[in-house]
1. Please compute the net charge surrounding residue 32, taking Lys and Arg as +1 and Asp and Glu as -1 over other residues with Cβ under 15 Å from its Cβ.
2. Give, as a single signed number, the net charge of other residues whose beta carbon lies under 15 Å from the beta carbon of residue 45, with Lys and Arg counted +1 and Asp and Glu -1.
3. To the nearest 10 degrees, how steep is helix 10-39 against the longest Cα principal axis of the chain, on a 0 to 90 scale?
4. With all protein chains present, how much of the accessible area of the chain (probe radius 1.4 Å) comes from carbon and sulfur, to the nearest whole percent?
5. Work out how much length residue 7 to residue 52 would gain on full extension: take 0.36 nm times their residue separation and subtract the Cα-Cα distance, in nm to one decimal.
Amino acid sequence: MLWNELDVSGGTALIVLAALYFVIKWAVRNGIREAHGRMNGEKSLLQQLWGSILSEDKAAE
(Lines give C-alpha, C1' and ligand atoms only; values in the text may rest on other atoms or scores of the structure.)
Protein backbone atom coordinates (compact mmCIF):
# COMPACT_ATOMS: atom_id res chain seq x y z
CA MET A 1 0.00 0.00 0.00
CA LEU A 2 1.08 3.61 -0.52
CA TRP A 3 1.23 4.39 3.19
CA ASN A 4 3.61 1.48 3.82
CA GLU A 5 5.92 2.63 1.03
CA LEU A 6 6.03 6.09 2.64
CA ASP A 7 6.70 4.48 6.05
CA VAL A 8 3.61 6.09 7.62
CA SER A 9 1.63 4.27 10.30
CA GLY A 10 -2.14 3.96 10.29
CA GLY A 11 -2.61 6.37 13.19
CA THR A 12 -0.51 9.06 11.54
CA ALA A 13 -2.38 8.62 8.29
CA LEU A 14 -5.70 8.97 10.12
CA ILE A 15 -4.57 12.18 11.82
CA VAL A 16 -3.31 13.65 8.53
CA LEU A 17 -6.54 12.78 6.72
CA ALA A 18 -8.69 14.21 9.54
CA ALA A 19 -6.69 17.45 9.57
CA LEU A 20 -6.95 17.71 5.80
CA TYR A 21 -10.72 17.18 6.01
CA PHE A 22 -11.18 20.01 8.51
CA VAL A 23 -8.91 22.43 6.60
CA ILE A 24 -10.82 21.85 3.37
CA LYS A 25 -14.16 22.13 5.19
CA TRP A 26 -13.08 25.46 6.74
CA ALA A 27 -11.87 26.83 3.41
CA VAL A 28 -15.06 25.87 1.57
CA ARG A 29 -17.25 27.36 4.31
CA ASN A 30 -15.35 30.66 4.24
CA GLY A 31 -15.47 30.76 0.45
CA ILE A 32 -19.23 30.28 0.46
CA ARG A 33 -19.70 32.98 3.09
CA GLU A 34 -17.53 35.42 1.14
CA ALA A 35 -19.38 34.72 -2.12
CA HIS A 36 -22.73 35.15 -0.41
CA GLY A 37 -21.60 38.45 1.06
CA ARG A 38 -20.42 39.69 -2.33
CA MET A 39 -23.75 38.80 -3.91
CA ASN A 40 -25.57 40.79 -1.21
CA GLY A 41 -23.16 43.74 -1.46
CA GLU A 42 -21.80 43.27 2.05
CA LYS A 43 -18.19 44.00 2.90
CA SER A 44 -16.07 41.16 4.21
CA LEU A 45 -14.41 41.37 7.61
CA LEU A 46 -11.04 41.94 5.96
CA GLN A 47 -12.43 44.82 3.90
CA GLN A 48 -13.96 46.34 7.03
CA LEU A 49 -10.67 46.09 8.91
CA TRP A 50 -8.69 47.69 6.08
CA GLY A 51 -11.31 50.43 5.78
CA SER A 52 -11.04 51.26 9.47
CA ILE A 53 -7.22 51.22 9.36
CA LEU A 54 -7.13 53.52 6.35
CA SER A 55 -9.67 55.91 7.86
CA GLU A 56 -7.59 56.09 11.06
CA ASP A 57 -4.49 56.89 9.01
CA LYS A 58 -6.28 59.70 7.17
CA ALA A 59 -7.61 61.12 10.45
CA ALA A 60 -4.11 61.14 11.94
CA GLU A 61 -2.74 63.26 9.08
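The values are calculated or read from the model by the stated rules, or taken from the named source; none is laboratory data. It should be emphasised that the depicted structure is a prediction, and the values quoted were computed from it without experimental measurement. Please note: Cβ atoms are built from the backbone with ideal geometry, for glycine as well, and neighbour counts cover all protein chains shown. Please note that ligands, DNA and RNA were not included when accessible areas were found on the heavy atoms of the full protein model with its side chains. Shrake-Rupley method; radii C 1.70, N 1.55, O 1.52, S 1.80 Å.
1. That sum, taken over residues with Cβ under 15 Å, equals +2.
2. +2
3. 30 degrees
4. With neighbouring chains kept in place, the figure for the chain is 65 percent.
5. 11.2 nm
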